[in-house]
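Engineer: My questions all concern the structure below.
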Amino acid sequence: MALVQFKDLCIDTRDPSEASRFWARVLALTAEALDDGDAVLRGSTPEHTIWVNRVPEPRTAKARVHLDVHAWSVAEMEAAGARVLPEWGSLPWTVMADPEGGEVCAFVRPEDWWTERKDPYRLYEVAVDAADAPAIAAWWADVLGTEAADEDGVSAVAPPGAPFDAFVFATVPEPKTVKNRIHWDVTGGADAVDALVRRGAHVLRAPDAVVSWTVMADPEGNEFCVFGDEALSEEP
């Protein structure tokens, strides 16, 4: 039984205007500037929403959470503002950097793939570095009410209702050192926060006069926000 349900994604950035233009083009979403200087990307369902939030701190480390995207070509990604990171060498996909330097992986699809897909939306996976990929994938599978699949050194969890294939966890040697610049929001019932804590998560910020949601971290320290079931369109 699911404890929480996927709600949407959030991207932290120094420049929401530039970031929202880039991600709207790369993901085939519509960008909207907000009165407070932040931005939001919208698609065909509420789950396609991505909040683009201004933060003061610059990017200082390799992204521990990054997005994998379907792409027409590497050149098209470069035209949108990405650049190839050649130090990653030859892989079945192309590791690139967004305008702020955060990693994004482009999976170039042939034309007939797009014809069969009949959907312009391009988010493929949310990739997460982990200290123990099978363990943290099993944790998220449990709270999302689904199962984890381990294959080729990665552990995948397909969140029910999410507009992408899976969270893909991969074990890496380096520890988490800074706040993730991409995180996800979930909705849950009245007892969800307490139940998550019992399962090994911890509260980073309780609801207060500024925010009505709970900021939490999973057992590996990945930030996520928990909203009440009624707050399906509330801004994080």
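Engineer: Taking every alpha carbon pair in segment 140-236, what does the distance histogram look like in 10 angstrom bins from 0, in percent?
Structural biologist: Percent of Cα pairs in each bin: 14, 45, 34, 7, 0.
Engineer: Distances longer than 16 Å among the Cα atoms of segment 145-193: what percent of all pairs is that?
Structural biologist: Result: 59 percent of Cα pairs exceed 16 Å.
Engineer: How far is the Cα center of segment 162-236 from the Cα center of segment 95-123, in Å?
Structural biologist: 26
Engineer: Show which lysines lie in cross-link reach of LYS118 when reach means a straight Cα distance below 29 angstrom and same-chain residues fewer than eight apart are skipped.
Structural biologist: LYS7
Engineer: Something else about it: With bins 5 Å wide starting at 0, give me the P(r) of segment 74-187 over every alpha carbon pair, in whole percents.
Structural biologist: In whole percents, the pair-distance histogram is 2, 10, 16, 21, 21, 17, 10, 3, 0.
Engineer: So what's the back-of-envelope 222 nm ellipticity for the chain, counting only DSSP H runs of four-plus at -39500 (n - 2.57) apiece and dividing by all residues, rounded to 500?
Structural biologist: -5500 deg cm²/dmol
Engineer: Here's a follow-up. With no solvent and one equal point scatterer per Cα, compute the Debye intensity ratio I(q)/I(0) for segment 1-58 at 0.29, 0.30 Å⁻¹ and report its log10, rounded to two decimals.
Structural biologist: -1.17, -1.23
Engineer: Could you give the spread of the C-alpha atoms of the chain along their three principal axes, from largest to smallest, in whole angstroms?
Structural biologist: Computed over the chain, the largest-to-smallest principal extents equal 47, 44, 37 Å.
Engineer: Within a Cβ distance under 12 Å of PHE107, other residues only, what is the Lys/Arg minus Asp/Glu net charge?
Structural biologist: Net charge around PHE107: -1.
Engineer: Suppose we keep just the DSSP beta bridges with both residues in the chain; what percent of those would be antiparallel, to 5?
Structural biologist: Roughly 65 percent of the beta bridges in the chain run antiparallel, per DSSP.
Engineer: Can you compute log10 of I(q)/I(0) for segment 1-105 with the Debye formula, treating each Cα as one identical point scatterer, at q = 0.21 Å⁻¹?
Structural biologist: Treating every Cα as an identical point scatterer, log10 I(q)/I(0) equals -1.17.
Engineer: Another one. At 0.36 nm per residue, minus the direct Cα-Cα distance, what do ALA131 and SER73 gain on full extension? Give it in nm, one decimal, please.
Structural biologist: 17.7 nm
Engineer: Less than 11 Å Cβ to Cβ from ASP165, Lys/Arg counted +1 and Asp/Glu -1: what total charge do the surrounding residues give?
Structural biologist: -2
Quick note: the coordinates plus some simple rules give every number you see, no bench work behind them. These numbers were taken from a predicted model, which means no experiment stands behind them. Here the Cβ is made from the backbone with ideal geometry for all residues, glycine too, and neighbour counts use every protein chain on show.
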